[in-house]
Each structure stands twice: as C-alpha cells, then as structure tokens.
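Participant: The following block contains the structure, expressed as structure tokens.
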Amino acid sequence: MRGGVRRGARTLATKSLKETLAAQIPAKQAMWKKMKQDHGSKIIDTVTLDQCIGGARSVKCMVWETSLLDANEGIRFRGYTIPELQEKLPTFSGNAADEPLPEGLLWLLLTGEIPTYEQVAMVTKELADRSKLPAHVEPLIRSFPKEMHPMTQLSIAVLALQTDSRFQQAYAAGAPKSSYWEHTYEDSLNLIARLPEVAALIYRCKYHDGVLGKTDPKLDYSANFNRMLGHVSPSFDELMRLYITIHSDHEGGNASAHATHLVGSTLSDPYLALSGGLNALAGPLHGLANQEVLGWILDLQKTFKARGKPVNESTIREFAWETLNSGQVIPGYGHAVLRKTDPRYTCQRDFALKHLPNDELFQIVETIYQVMPGVLTEHGKTKNPYPNVDSHSGVLLQHYGFTEHEFYTVLFGVGRAFGVLSQLFWDRALGLPLERPKSVTPEWIVEFFKTHPDGLAKP
Ligand code: HAX
C-alpha cells in the first residue's frame with residue numbers, strides 16, 4: 001500500500017489539531033478586531049422588501065469561515081473547489097485518483113490548511129479514540145418505535161449525547177469566555193466521532209437485526225462507518241468518503257448551517273446546536289430531498305411499468321409535468337443560491353461514470369438530467385432548473401444495496417456535522433455574539449411606506 005492514512009508512524013514533530021488551532025486563534029481574533037475597527041460602520045449590502053419577506057435571500061448578514069458559495073461556480077471549502085479537494089486532500093490508499101478522506105477535510109475546514117498524511121492519520125485516530133457512546137444512548141436508540149423517522153431518531157440521539165457536554169459542564173462551573181473554544185472543540189470532535197455509531201445503531205435497529213458490524217482500527221472513519229452499517233465493499237467506502245466530504249458544508253445561510261449557528265449563538269452547547277441543525281436538515285426542501293428524489297424515481301418506474309411504457313425521455317417528461325401540475329416540486333432540482341448544475345451533483349455523476357456506468361437507475365438519472373432543465377424552464381417558475389446535490393446521491397447508495405431511502409438524510413447529517421461544527425468552533429473562538437436580526441410587522445411596513453413611498457435611497 002502506498003502512502004495513505006495508514007502511512008507509518010510520526011516522523012516529524014507534528015502539532016495536534018487542537019494545538020494547531022490554539023496557535024491560530026490570537027491572529028484570527030486580531031484580524032476580525034481590525035476589520036471591525038477599519039470598516040465596521042460601512043455598508044456592504046442593502047435589503048429590499050422582497051428579501052425581507054422572501055427568506056432573506058442573498059442578504060449579507062452573517063460571517064462563515066469554512067466555505068463560500070458562488071451562484072455559478074458552486075461551493076469552495078476554505079477556497080478550494082470540489083475537484084481541487086479531490087486532487088489535494090489525502091486518500092486512504094495514497095492513490096491520488098481516489099476520493100478524499102473526510103478527516104482531511106475536517107482539518108482543512110477547521111484550520112484552513114491542507115493537511116499532510118500524518119495529520120490526517122492523527123485525526124482518524126483522535127476520532128476513533130473519542131467514539132465511545134455514553135452508556136444510556138444505545139438503550140435509548142433501541143427503544144425507539146420502528147416507525148419513527150431516522151432523522152427524528154438522530155436528533156433525539158444527539159440530544160441524549162449531550163449529558164457528556166464539556167461546554168455545558170465548563171460553563172456551569174464558571175469557565176471564562178476566553179476558554180469557550182476549547183470546550184467547543186472537545187464537544188465537536190466527540191460529536192463527530194460518535195455520530196457513525198449512533199447512525200449505524202439507528203439503521204441496524206430500524207431495518208435489520210440491531211447488531212452492528214465490527215470496526216477495524218486499521219480503517220478510516222468512513223470505512224468503519226460502513227462496517228458498522230453492515231457494508232464491506234471498498235468501492236462503497238470510496239463513495240462514503242466522497243459523500244461525507246461533499247455534504248459537509250455549503251456556507252452559512254442554508255437552513256441546517258444557519259440553525260446550528262443560531263442555536264449555538266445562545267451559548268447552547270454543540271449537541272443542542274447540532275440537533276437544531278439536523279431538525280432543519282430533515283425538511284423536504286432541504287436535506288430530506290435526497291429521500292424524496294429516490295421516491296420520485298421509483299414512482300416513475302412503477303407508474304410506467306403499470307402503463308406498459310418504458311422509462312425514457314418522453315415518459316420522464318410526462319411524469320415531470322404530472323408532478324408539477326399536481327402542485328408539487330421536482331425533488332433534487334432548483335436551489336436558493338445556485339444558478340447552474342451543482343458541482344456536488346457533477347462529482348457524484350463522475351463517480352457513477354467511474355464505478356457504475358451501466359447501473360439502470362444511474363441511466364434514469366442521466367436521462368432526467370437531459371430532460372428536466374427544459375421542463376422546468378418551460379414551467380417558468382424556478383430560478384434554477386438544474387440539479388442539486390440531492391438529485392444524485394440516492395441512486396449511488398441504491399447501487400451498493402443501501403436501499404432504505406428514508407435513512408439517506410441521516411448520512412447527509414453525519415456529513416453536515418463536519419462543516420457546521422467546524423464553524424461553531426470558530427464562532428466561539430472569535431466570540432461571535434447572540435444572533436438577533438430585526439423583524440417588522442405588516443403594519444410597520446405600511447406605515448414605513450407612507451413616509452418613504454420610494455423606500456430608502458440606495459447608498
Ligand atoms: N420544482 C418545481 N418548482 C420549483 C422547483 C422545483 N424543483 N424549484 C423551485 N420551484 C418553484 C418554487 O416552489 C417557487 O414557486 P412559488 O413562486 O409558487 O413559491 C418558484 O419556483 C421560485 O423558487 P426559486 O426562487 O427558484 O427557489 P427557492 O429559493 O424559493 O427554493 C428550493 C429553493 C431548493 C427550496 C426549491 O428549488 C425546491 O423546492 N426544490 C426541490 C426540493 C429540493 O431539491 N430541495 C433540496 C435543495 C438543496 C438542498 O438544500 N439540499 O439539502
């Protein structure tokens with residue numbers, strides 16, 4: 001085996017992740033302080049009434065260290081596009097053509113630096129060392145009714161882990177604000193470390209015999225997650241590495257990221273904050289769309305089998321119009337910010353072309369991709385007729401025998417924790433304040449336009 005996360009013992013005196021972050025914090029704090037001193041009172045955006053009513057689309061009113069979304073280019077994690085991450089982050093095998101390890105992404109999201117193999121191996125070990133669940137969590141998960149949605153189970157289980165919160169314990173003991181980052185680090189790393197077992201328990205109890213597969217200390221985070229879920233294919237391990245990496249972060253305004261940030265801004269600990277973010281992810285306009293997409297494709301197949309017709313461009317078009325005419329959205333298409341095909345879709349498509357080019361469901365997704373932008377453009381409502389991340393993930397999972405599509409958003413949640421908890425670390429390290437935007441009543445708006453019929457002048 002060449003290189004990779006299993007590569008040899010420590011050869012250099014390498015700082016741990018926590019030591020690396022501790023060294024970065026003073027300079028970051030000074031940078032933000034100077035930014036506020038130099039520019040704090042200057043205007044960087046304005047708000048129209050449409051934006052005020054319309055979910056604050058594109059209003060710049062939050063800072064986010066870990067990623068930035070461009071409407072046409074898509075996401076950059078700490079300045080790197082997805083193809084750049086695939087090129088630069090360490091892989092399990094050491095083969096550059098393989099998918100990046102999420103442990104390396106975590107290092108990048110937290111520190112802004114591309115890690116070495118050795119640093120990634122340290123993170124893999126650190127997460128494994130932190131992975132033991134508090135004793136009450138497993139019996140709690142086992143007690144959930146089978147019909148409870150896996151996302152509800154995940155959110156409850158994350159709250160149950162909170163008995164271990166270092167942040168909450170330190171705060172109650174009177175810890176100073178300058179130490180909050182340290183407790184947030186401990187909680188965030190513990191949480192990320194424990195999510196795979198929590199998710200796997202939910203999966204094995206809800207759909208199988210309740211028995212977890214065995215982990216292997218020589219394997220990485222994603223492969224061990226797969227083992228616990230009951231999957232042993234190295235190709236599926238590659239998918240899990242890619243899946244967690246690309247689902248981790250999408251700047252700060254998306255509902256799961258914003259909810260985590262908002263709840264955390266009250267100094268709720270990372271467990272309470274992440275559970276809030278997961279509840280947002282569980283909505284069909286957000287993370288639940290991955291489950292909805294697969295449901296839509298399976299319905300499509302079933303419908304046209306019953307009608308004695310093949311699934312092709314023409315029948316997909318017909319089914320899309322039936323969905324739209326019944327007042328529903330096409331899941332997996334459209335985006336609040338993006339205006340082009342989501343690069344998270346493109347890299348999953350590339351994965352499919354490499355690993356499963358002849359898969360029947362992949363072929364259907366390909367045909368949908370040919371047809372749907374035209375249908376949605378003709379429909380004329382959506383600002384973005386192209387596919388988003390959720391449009392592709394289900395068929396990849398299905399290919400590896402992961403057929404329980406109600407569970408897909410849980411996998412998204414495991415990935416999303418990497419991004420939102422990395423940001424939460426910086427929220428506390430930088431001492432970002434309680435979030436509290438201003439709302440107005442309809443009466444306030446009416447009165448405002450009586451005295452300002454043309455609104456406020458643009459600066
Ligand atoms: N199918 C049908 N209509 C759509 C549509 C779609 N895929 N996408 C948008 N529209 C409609 C909207 O419902 C809206 O209609 P109304 O004016 O009647 O309210 C109109 O087009 C304008 O919407 P928009 O400005 O283009 O999009 P929004 O910012 O309001 O919404 C959504 C963005 C992602 C919620 C939207 O595109 C959607 O509902 N898509 C389908 C669900 C989906 O795939 N969600 C996952 C998004 C990615 C993500 O967060 N993943 O976690």
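Participant: Say whether the condition of being of a type outside the set (Val, Ile, Thr) and farther than 27 Å from Gln348 by Cβ is met by at least one residue in the stretch 95-116.
Facilitator: Scanning the stretch 95-116 turns up no residue that is of a type outside the set (Val, Ile, Thr) and farther than 27 Å from Gln348 by Cβ.
Participant: Quickly run through the stretch 253-279 and pick out the residues that are buried (at least 22 other Cβ atoms within 10 Å of the Cβ) and either of a type in the set (A, V, I, L, M, F, W, C) or within 19 Å of Val389 (Cβ to Cβ) (or both).
Facilitator: Asn254, Ser256, Ala257, Thr260, Val263, Ala273, Leu274, Gly277, Leu278, listed by residue number.
Participant: Now for a different question. Which of the residues that make up the stretch 216-230 are out of contact with any Gly (no Cβ under 6 Å at 6 or more places or on another chain) and surrounded by fewer than 19 Cβ atoms within 10 Å (Cβ to Cβ)? Reasoning before the result, please.
Facilitator: Applying the first criterion (out of contact with any Gly (no Cβ under 6 Å at 6 or more places or on another chain)) to the stretch 216-230 yields 216-226, 229.
Across the stretch 216-230, the qualifying residues are Asp216, Pro217, Lys218, Leu219.
Participant: Is it the case that Gln328 is within 10 Å of the ligand (Cβ to nearest atom), on the phi < 0 side of the Ramachandran plot and polar (S, T, N, Q)?
Facilitator: yes
Participant: Within the stretch 101-158, take every residue that is among the small types (Gly, Ala, Ser) and free of Cβ contacts under 8 Å to residues at least 12 places away in the same chain and give me the one that is nearest to Ser16 (Cα to Cα).
Facilitator: Restricting to residues being among the small types (Gly, Ala, Ser) and free of Cβ contacts under 8 Å to residues at least 12 places away in the same chain, the top hit is Ala135.
Participant: Let me ask something else about it. Between residues in the stretch 44-70 that are in contact (Cβ under 8 Å) with a residue 60 or more places away in the chain and residues that are assigned to a strand (DSSP E or B) and surrounded by 12 or more Cβ atoms within 10 Å (Cβ to Cβ), which pairs lie under 8 Å by C-beta distance while being six or more apart or on different chains?
Facilitator: Thr66/Phe77; Ser67/Ile75; Ser67/Arg76; Ser67/Phe77; Leu68/Ile75; Leu68/Arg76; Leu69/Ile75; Leu69/Arg76
Participant: Where the second residue is among the basic types (Lys, Arg) and the first is in contact (Cβ under 8 Å) with a residue 12 or more places away in the chain and lies in the stretch 328-351, which pairs have Cβ atoms under 7 Å and are six or more apart or on separate chains?
Facilitator: These pairs meet every condition: Ala336/Arg57; Arg339/Lys383.
Participant: I've got another one for you. Restricting to the stretch 184-208, name every residue that is within 22 Å of Val420 (Cβ to Cβ), surrounded by fewer than 22 Cβ atoms within 10 Å (Cβ to Cβ) and free of Cβ contacts under 8 Å to residues at least 60 places away in the same chain.
Facilitator: Passing the criteria: only Glu186.
Participant: Further question on the same structure: Considering the stretch 50-108 alone, what residues qualify as being at positive phi and within 16 Å of the ligand (Cβ to nearest atom)?
Facilitator: Within the stretch 50-108, Gly55, Ala56, Ser58, Gly74 qualify.
Participant: From the list Gly380, Gly334, Gly415, pick out the single residue that is more than 15 Å from the chain's Cα centre (by Cα) and closer than 22 Å to Ala257 by Cα. So that I can check it myself, show each step before the final result.
Facilitator: Details: Gly380 fails: closer than 22 Å to Ala257 by Cα; Gly415 fails: more than 15 Å from the chain's Cα centre (by Cα).
Gly334 is the lone residue from the list that is more than 15 Å from the chain's Cα centre (by Cα) and closer than 22 Å to Ala257 by Cα.
Participant: Then there's this: For Glu19, indicate whether it is in contact (Cβ under 8 Å) with a residue 12 or more places away in the chain and more than 16 Å from the ligand (Cβ to nearest atom).
Facilitator: no
Bear in mind that the values in this text are calculations on the coordinates, not laboratory data. Quick caveat: nothing in here was measured; it's all calculated off a predicted structure. Positions of Cβ are backbone-derived with ideal geometry, glycine not excepted, and every protein chain shown enters the neighbour counts.
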